[in-house]
Amino acid sequence: MNKSKVVKLGDVVTVVNDNEYDPIKNGITKYVAGRHIKSEKMYVEKFGDVNRDQEIIGSAFHKLFKKNHILYKTRFPNSGAIATFDGLCSNTTLVLKTKKDSGLIEGLLPFILHWDRFEEYLIKKSVGSTNSYVRWRDLADFTFILPLEKEQLKIHDIFWSIQNSIDALENLIQKTKNH
């Protein structure tokens, strides 16, 4: 890639459509519901227990995700979060990952999904008045400038440095509260 270019999110990101219909038998113990994905958090940290909650989650929770996939809830959408473990999510959650050789470096997707401009775009693309949602095809059409890889690496390092500082501060605050 010799210069920055305008791309669509769907050019650089793919939806993972792996399913698991017998999670207990296959050792899947965790699930993520919409309430576990927090707009102010970069990571999915909370989860439910598949075995304990199997009657609650029902058949809608069959989408398999792996650690480091991005989970994006399509109902009342507000941002994506990085999975910190393997598990299941519902059919209303998109499992996303950066396409190989797309020009987008690993680790920038979560920041794109937290970008104010992206969230403003979502507001325009959301459908439904009572239970608003967004479709992948609409998300895939979001356009942005994809910088050169060298510039992306600088952005990546700056953003993750800031995020790591935020995480460390939040951990310190939590430890202080617990004492």
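Summary of values
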item: Surface share of carbon and sulfur [accessible, 1.4 angstrom probe, percent] for segment 98-150; result: 49 percent
item: Equivalent ellipsoid dimensions for segment 134-179 as semi-axes, Å, which come from the Cα gyration tensor, largest first; result: 33, 19, 5
item: Size of charge dipole - the chain - debye, nearest 20, with Cβ of Lys, Arg +1 and Asp, Glu -1, no other charges; result: 160 debye
item: Amide H within-cut-off set for His62, under 5 Å, with H built and near neighbours excluded; result: Cys89, Asn91
item: Debye intensity ratio I(q)/I(0), log10, segment 1-91, q values 0.14 Å⁻¹ (C-alpha model); result: -0.52
item: Three semi-axes of the equivalent ellipsoid, segment 54-179, Cα gyration tensor, whole Å, largest first; result: 25, 23, 16
item: On Cα atoms only, tilt of 149-178 relative to the major axis of the chain in degrees; result: 40 degrees
item: Degrees, to the nearest 10: 116-125 long Cα axis against longest axis of the chain; result: 70 degrees
item: Filtered GluC sites (Glu not before Pro), segment 88-179: DSSP coil and at most 15 other beta carbons within 10 Å; result: Glu106
item: Simple spin-label estimate for Leu172 and Thr14 in nanometres, 7 Å along Cα-Cβ; result: 4.1 nm
item: Neighbour cut-off at most 15 other Cβ (10 Å), DSSP loop, trypsin sites (Lys or Arg not before Pro), segment 18-124; result: Lys25, Lys38, Lys46, Arg52, Lys66, Lys67, Lys99, Lys100
item: For segment 91-96, 3J(HN,Hα) per residue [Karplus equation, 6.51 cos²θ - 1.76 cosθ + 1.60, θ = phi - 60°, Hz, x = Gly/Pro]; result: 6, 9, 10, 8, 9, 10
item: FRET E, pair Lys100, Asn164, Förster distance 22 Å, beta-carbon r, rounded to 0.05; result: 0.30
item: Carbon plus sulfur fraction of accessible area for segment 1-65, probe 1.4 Å, in percent; result: 45 percent
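The values are calculated or read from the model by the stated rules, or taken from the named source; none is laboratory data. For clarity, every value in this text was computed on a predicted model and none was experimentally measured. Heads up, the Cβs are rebuilt from the backbone with ideal geometry, glycines too, and the neighbour counts pull from every protein chain shown. When the accessible area is computed, the model is the full protein with side chains, heavy atoms only, and any ligands, DNA or RNA have been set aside. Shrake-Rupley method; radii C 1.70, N 1.55, O 1.52, S 1.80 Å.
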